[in-house]
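All remarks here apply to the structure that follows.
The values are calculated or read from the model by the stated rules, or taken from the named source; none is laboratory data. From a predicted model like this one, the values you see are computed outputs, not experimental measurements. Cβ placement follows ideal geometry from the backbone for every residue including glycine, while neighbour counts extend to all protein chains displayed.
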Amino acid sequence: MIASSDQSTYSHLIVHERRFPALEAVRFCFGAHSDASPLRKIKMSTKPDLEIRFERGLFASRWLMAPMYLGLVVALGMLTLVFLRQLFYYVPKAMSMGADQAILVILTLIDLTLAGNLLLIVLFSGYENFVSKLDISNTVDRPTWMGTVDFADLKMKLIASIVAISGIFLLKQFMEIGNNSTLDASYLMWLVIIHLTFVCSGVLLALMDWIAAKSKKR
């Protein structure tokens, strides 16, 4: 139903349209000549209050992810402690260790660092994509990729980090072949197969994103 004031308004517009043909042309351009026009009738489409509250509750359920991201912060602290423990253990032995052992130590520290980077990517990007935006835009130390990594980019960064971690671990195992006689060929074969599986997964994910981007452009 249209209120009496609305009826008088629209009747006043119709009178002016008859006097001024230009106004009728404007109404025709905006589709106001049809019965479904907003100038002909007003449609009030409101959802029930229960449905609105239910949808708000669903939207607020994203905060259930917040303790998980807080747990990732704790995991990052644990990883930092392991890194420092490894560092303090090998620093006093720096003058006596050989080149191969030094390379293994460095690869171990790099492996831990890449795992920490993986945690940060999941922590920041996951929180901004699924929970809430981080209001730190005025901070000069804000990484350039924060706020620009969507779910597709997050998948690619994750698989790239996993491939790098797997490659470093595989390199460590190959370097320990001469020092460790317990390594057998089947163990190394499965390590190579797992690493190649990660690489193929990354290539397939990139191919899927490329196909999806091409289909959107069409």
Quiz item: (1) under 19 Å from LEU107 (Cβ atoms); (2) at pLDDT below 90; (3) surrounded by 12 or more Cβ atoms within 10 Å (Cβ to Cβ): which one isn't true of ASN180, the others all being true?
Solution: (3)
Exercise. Could you tell me whether segment 82-96 includes any residue that is exposed (fewer than 15 other Cβ atoms within 10 Å of the Cβ), modelled with pLDDT under 90, among the basic types (Lys, Arg) and out of contact with any Asp or Glu (no Cβ under 6 Å at 6 or more places or on another chain)?
Key: yes
Quiz item: Among the residues of segment 78-88, is there at least one that is of a type in the set (S, T, N, Q), assigned by TED's automatic domain parsing to the domain that holds CYS200 and more than 29 Å from PHE174 (Cα to Cα)?
Solution: no
